[in-house]
Amino acid sequence: MSERKTVNLQTIFLGLSVVPISIIVFLLGIQIGQSQETPEETEQTEQKVSVDADDDPYLGSLDAPITVIEFSDYQCPFCRSFYNETLPEIKKNFIDKGLVRFVYRDLPLTQLGHKDSLPAANAAECARLQGGDEIYFAYHDKIFQGQNELGNGVVPIPAESLSAYAKELNLDMEEWSTCQDSLKFESEIKNDAAVAYDNHMNGTPSFVINGQVVVGAQPYNIFEQIFNNLLN
């Protein structure tokens, strides 16, 4: 119980920039997943963890001096905020310059009613099975962009959309559908989530930056400061 309270207090300190699992989905009648508050402040936590990239998809160079591991949920509005506002700047200024390797790991918050998050994660892995990390991230982008078209907060990810994204990427639809219908990667996705929980990361997005935990959809300047400190 004390551990959960600690996580929640940290989440509050970070400006409600995370969707925490350990609180009730509705608080005073307001759905947490629909909150659009912008995080105002954060620092790296003092928590140091040993989390590796496993065999999960990544952007950037394998030899980059900084590894960022994001634990994310495709239905989380804060993860989408990070995707829209922060990741493009990190990619341009650090990933594309060989300074950061960016790894994506799954943390579907099904406990918060994000029922489409696990099927979406599986769908992206099924795409990767055919085209590697490049196709994975192309599919990843389509999931978040599709939600942008549906509105703010937690929005559905229809199965029809997941299939349409696969077609748009010219995947073998029979192979992709077989993989998706069987949830081929469910155990791998749940393993990612277990790693996050074991290291006290109970909300999304959460990041491990060279072993240091950063919680929340923080603005670009926070990541820039952390990266520059590591590089210097």
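FYI, it's all coordinate maths here, none of it is from the lab. Just so it is clear, the model here is predicted, and its values are computed rather than measured. Here the Cβ positions follow ideal geometry from the backbone for every residue, glycine too, while neighbour counts run over all protein chains shown.
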Under 8 Å by Cβ, and 6 or more places apart or on different chains, what pairs join a residue from the stretch 83-104 that is free of Cβ contacts under 8 Å to residues at least 60 places away in the same chain and surrounded by 15 or more Cβ atoms within 10 Å (Cβ to Cβ) with one that is of a type in the set (D, E, K, R) and part of a helix (DSSP H, G or I)?
-> 102/91
What are the residues in the stretch 81-135 that are more than 19 Å from residue 230 (Cβ to Cβ) and in a loop (DSSP other than H, G, I, E, B), if any?
-> 107, 108, 109, 113, 114, 115, 116
Can you tell me which residues in the stretch 174-190 are out of contact with any Leu (no Cβ under 9 Å at 6 or more places or on another chain) and either in contact (Cβ under 8 Å) with a residue 60 or more places away in the chain or of a type in the set (A, V, I, L, M, F, W, C) (or both)?
-> 188
Consider residue 170 against the criteria (1) of a type outside the set (Ser, Thr, Tyr); (2) outside any helix (DSSP H, G or I); (3) surrounded by fewer than 19 Cβ atoms within 10 Å (Cβ to Cβ); (4) in contact (Cβ under 8 Å) with a residue 12 or more places away in the chain: it satisfies all of them except one. Which criterion is unmet?
-> (4)
By residue number, the members of the stretch 130-174 that are farther than 25 Å from residue 78 by Cβ and either among the β-branched types (Val, Ile, Thr) or touching an Asp or Glu at 6+ places or on another chain (Cβ under 8 Å) (or both) are 130, 135
Filtering the stretch 116-140 down to residues that are touching a residue at least 40 places away in the same chain (Cβ under 8 Å) and among the charged types (D, E, K, R), which residue is surrounded by the fewest Cβ atoms within 10 Å (Cβ to Cβ)?
-> 133
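With the structure loaded, tell me whether residue 227 is under 16 Å from the mean Cα position of the chain (by Cα), among the aromatic types (Phe, Trp, Tyr) and closer than 25 Å to residue 84 by Cα or whether it fails that test. Write out each step before concluding.
Details: under 16 Å from the mean Cα position of the chain (by Cα): no; among the aromatic types (Phe, Trp, Tyr): yes; closer than 25 Å to residue 84 by Cα: yes.
Considered against the rule, which asks whether it is under 16 Å from the mean Cα position of the chain (by Cα), among the aromatic types (Phe, Trp, Tyr) and closer than 25 Å to residue 84 by Cα, residue 227 comes out as no.
Test residue 146 against the stated conditions and say whether it is out of contact with any strand residue (DSSP E or B) (no Cβ under 8 Å at 6 or more places or on another chain), more than 17 Å from residue 106 (Cα to Cα), part of a loop (DSSP other than H, G, I, E, B) and without any contact (Cβ under 8 Å) to a residue 40 or more places away in the chain. I'd like the intermediate steps shown before the answer.
Numbers: out of contact with any strand residue (DSSP E or B) (no Cβ under 8 Å at 6 or more places or on another chain): yes; more than 17 Å from residue 106 (Cα to Cα): yes; part of a loop (DSSP other than H, G, I, E, B): no; without any contact (Cβ under 8 Å) to a residue 40 or more places away in the chain: yes.
So residue 146 fails the test.
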